[in-house]
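Report on one structure; see the data block that follows.
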């Protein structure tokens, strides 16, 4: 909401401050650009590989935990109180380790994703600024986060941004070694 207010305020300020001058506005869709730049494919594959490895480890731990729980339930009636208590404690430790590992993996994945996205957005912002300056735009708005409801396709510079991004940041092919 605050971003929308600032964007509206900036438009009003530009329009009121220089009413006689031509105001040129452009729009860029960073989300679409993120989906279409070639460099993002390599990063997506890297993140998916990281996720796949982590998912496999989590599933293995989960199966082990389920087997441990089933064994505890099965032996619960025949174990002595101290042996049952020991097995329950082991199960609780395993369950806590699983939850900590799951939380750590989730946090690492989110961190890797947000770091990659920040790097993309920063590069895209620089390109959008360059396009705006070169073409004499008074204002360049981000279509998905700036509260833009409608714009004419002729003021959309996303295709140009993607073209320049791909030229400046060629996609590299990465192998996982598997």
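At 0.36 nm per residue, and after removing the present C-alpha to C-alpha distance, how many nm does the segment from residue 152 to residue 80 gain when stretched out fully? All intermediate terms of the calculation are to be shown ahead of the outcome.
Values: separation 72, 0.36 × 72 = 25.92 nm, distance 7.65 nm.
Length gained between residue 152 and residue 80: 18.3 nm.
Ordering of 128-135, 84-91 by packing is 128-135, 84-91, highest average first (other Cβ atoms within 10 Å, averaged per residue).
Between residue 144 and residue 67, what is 0.36 nm times their sequence separation minus the Cα-Cα distance? Round to one decimal in nm.
Details: separation 77, 0.36 × 77 = 27.72 nm, distance 4.69 nm.
The residue 144-residue 67 span can extend by a further 23.0 nm.
Find the centroid of the Cα atoms in the range 72-99 and in the range 102-177, then give the distance between the two in whole Å. Answer, in whole Å: 51.
Counting other C-beta atoms within 10 Å, which of 92, 50 has the fewest, and how do the rest follow?
On the way: 92 10, 50 16.
Ordered from fewest to most neighbouring Cβ atoms within 10 Å, 92, 50 come out as 92, 50.
Stretching residue 50 away from residue 121 to a fully extended chain increases their span by 23.4 nm, per 0.36 nm per residue minus the current alpha-carbon distance. In terms of packing, defined here as the mean over residues of other Cβ atoms within 10 angstrom, the peptides 71-82, 56-67 line up highest first as 56-67, 71-82. At 7 Å along the Cα-to-beta-carbon direction for both residue 106 and residue 94, put a label point, then send me their distance in nm to one decimal. Reported label-point gap for residue 106 and residue 94 is 2.2 nm. Working from Cα pairs under 8 Å separated by at least six residues, relative contact order for the range 2-168 is 53 percent.
A short reminder: the numbers here are calculations on the coordinates, not readings from a lab. None of these values were measured; they are calculated from a predicted model. FYI the Cβ positions are ideal-geometry reconstructions off the backbone, even for glycines, and counts take in every protein chain you see.
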